[in-house]
Amino acid sequence: MNTLSDHRRPIVVGVDGSAAALAATRWAAGEAALHQLPLRLVHVQPDPTGRYADSTIEDALRPALHDQAEKWLSIAVAAVREVDPTLEPAVDHLVGEVVVTLVGMSGEVGMIVVGERGVGAFTGMLVGSTANAVVSGSVCPVVVVRTPPLGRAVVGRAIVLGVDGSPASEAAIAYAFDEAARRGGALVAVHTWEEIFLDPELRADQIRFDTTALAERERELLAERLAGWSEKYPDVPVTRVVVKGHPVRILLEYGEDAQLIVVGSRGLGRYYGQLLGSTSQALVNYVQCPLAVIRP
């Protein structure tokens, strides 16, 4: 199974002048250095055409937006050099719509890295929906980076992996083991399960579940999904966690002290075949550490 380092596609980071985007830039620089991959800093400048009744305002905005973008990109380049002075990032200054542009790039790059919140170009409003939209539309892995609290270190912290048995989960397992091996960290593989609650009118008392046997089956499922990976990565210590509860809540708990959470982009529900894409979407909004969302 392919991992990020199996090809030379670049890591792309979205730059918009926000603190979150600067944190994303630093994280992406470290990842590029770790995998020895090219790094591209991309700023998508909005087009003011048609936003104002007076075209003279639009004409005045264009050079101002251009100068602002160049400033933000220069700051991002400086941040990259702070992480690794040997990195020479490519710089793209584009005009368009940020989500459409980044998603359009996703088929040709190895990874997209964005901050969890960006700054709206015209109104100054925070646009948290950008990260969600890129995660939803991208066909390559996406990492969402939250602005870290001052002094918070990630060296030596574990990587938390969400495992649900879906094809997306298999891709996430490959990525998580590779990252843990390269970072010299431990891996915590988390699998959750939930009981089914039925309407009392359906005579649920007549439907008996042996929760002990169910929990054992879920442990077997996690073991099956991880089979072979520890042999491939013998130096990565793995802790297996199988717990009853909602996946978002459990992953957030284990992610409090993690350096990275890794999940598949869309999981298959354990019952009725329902799609549980909401897990990765919810994590984007609440996770405190970098979140890698991996496509199958």
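The values are calculated or read from the model by the stated rules, or taken from the named source; none is laboratory data. In this text the structure is predicted, and so the values were computed from the model without any measurement. Cβ placement follows ideal geometry from the backbone for every residue including glycine, while neighbour counts extend to all protein chains displayed.
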Residue in segment 80-128 that is modelled with the highest pLDDT, counting only those that are loosely packed, with under 15 Cβ neighbours inside 10 Å and polar (S, T, N, Q): T86
Residue among V238, V263 that alone is closer than 12 Å to V163 by Cα and at pLDDT 90 or above: V263
Single residue of I75, I57 found to be loosely packed, with under 13 Cβ neighbours inside 10 Å and in a helix (DSSP H, G or I): I57
From L268, L251, L275, residue being more than 15 Å from V145 (Cβ to Cβ) and either among the basic types (K, R) or modelled with pLDDT of 90 or more (or both): L251
Flag for E195 being surrounded by fewer than 20 Cβ atoms within 10 Å (Cβ to Cβ), part of a helix (DSSP H, G or I) and either at pLDDT 85 or above or in contact with a Leu (Cβ under 9 Å, 6 or more places away or on another chain) (or both): no
Residue that is modelled with the lowest pLDDT [pool: residues in segment 129-146 that are part of a loop (DSSP other than H, G, I, E, B) and in contact with a Gly (Cβ under 7 Å, 6 or more places away or on another chain)]: V139
Failed condition for A28, given (1) touching a Lys or Arg at 6+ places or on another chain (Cβ under 8 Å); (2) at pLDDT 95 or above; (3) not β-branched (V, I, T): (1)
